[in-house]
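The structure appears below as structure tokens.
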Amino acid sequence: MAENLTPKEAYRKALAEQKAAKREAKERRKRTPGGAGSGRFGQIAESFKMTAEYDKSLVPLTILAFALPLAIAIVIALLIKATVFTWIMTILTAVMLGFLLAMLLLVDRTKKATYKRFAGELGSAEVALQMLGNKWVHDPVIAATKHKDVVHRAVGPAGIVLVSEGDPNRARMLLTSEQRKHEKVISNVVIHSIQMGDKDGQVPLNKLHNYVKKLPKTLQPHQVTDVRNKLKAIDAVRPKVPIPKGPIPTSMKGMRKGMRGR
């Protein structure tokens, strides 16, 4: 039997149902590991959990990083015979400093654990490229051979960066081919060609991020956008690459955001 509600009562009921639906959706997002609804602390917790699986020293080092400023603050407060107010301010400052040191440690150890986790896997260069930050736009696996040698691309302040991985000889040929294609479409833009690997003349995975970040800055943000638009001409005629675009699972997204401070 239909309810006989006044317009005011119907409005209140609809409003209550809408609020209930929002609360349910929010709780559902919170229950998703690393999800958008988990917030910054949820992302930090997910990063810590995943990093600890590959870095057994993370827990004791984090405790030490947090406790060290606190211990120093207590010693100083005792030596100067601090007042109650000074004690409170000293402890609060030490706690904040300890939390900051623990977060800096987590960022550094998370990066190292991530490199360790994906080292040697197809598409692992994407791990480093995704850590470059908001000023960079990367396109994983823009070209590949049947032997699964691949080339990734990143566009940012240093211009265009092409990164290959796979067999050194085949990857070099694929990288050279991609550079020529880009030079035909893009002029007056620096194109860096990098072979990722552990052999002579190559850049290891764990050093690729810093290597790219240290390249000379040649483009302004609006120029990066212009270059991206021109690259669509190359990408439009590419055949679809029939291999996975990188090894990173969905659960790593929260970790990457935490590392970039997003």
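Any read-out appearing in this document is the output of simple, stated calculations on the displayed coordinates, not a laboratory observation. What you see is a predicted model; the values in this text were computed from it and never measured. For neighbour counting, all protein chains shown are included, and Cβ atoms are generated from backbone atoms with ideal geometry for every residue, glycine included.
Let me know the shape class of segment 71-197, please: from the alpha-carbon gyration tensor, a ≥ b ≥ c as square roots of the eigenvalues, rounded when a/c is under 1.5, otherwise prolate if a/b is greater than b/c, or oblate. Verdict is prolate for segment 71-197. Under 5 Å from the amide H of Ile194 lie the amide H atoms of Leu162, Val163, Ser164, each residue being 5 or more positions distant or on a separate chain, with H modelled from the backbone and absent for Pro and chain starts.
Highest mean first, the peptides 198-209, 71-82 sorted by other C-beta atoms within 10 Å per residue fall in the order 198-209, 71-82. Which whole-angstrom value gives the distance between the alpha carbon centres of segment 137-175 and segment 61-117? With segment 137-175 and segment 61-117 each reduced to a Cα centre, they are spaced 42 Å.
Between amide H atoms placed 1.01 Å from N, distances below 5 Å from Thr218 occur with Ala158, Gly159, all of them 5 or more places distant or on a separate chain.
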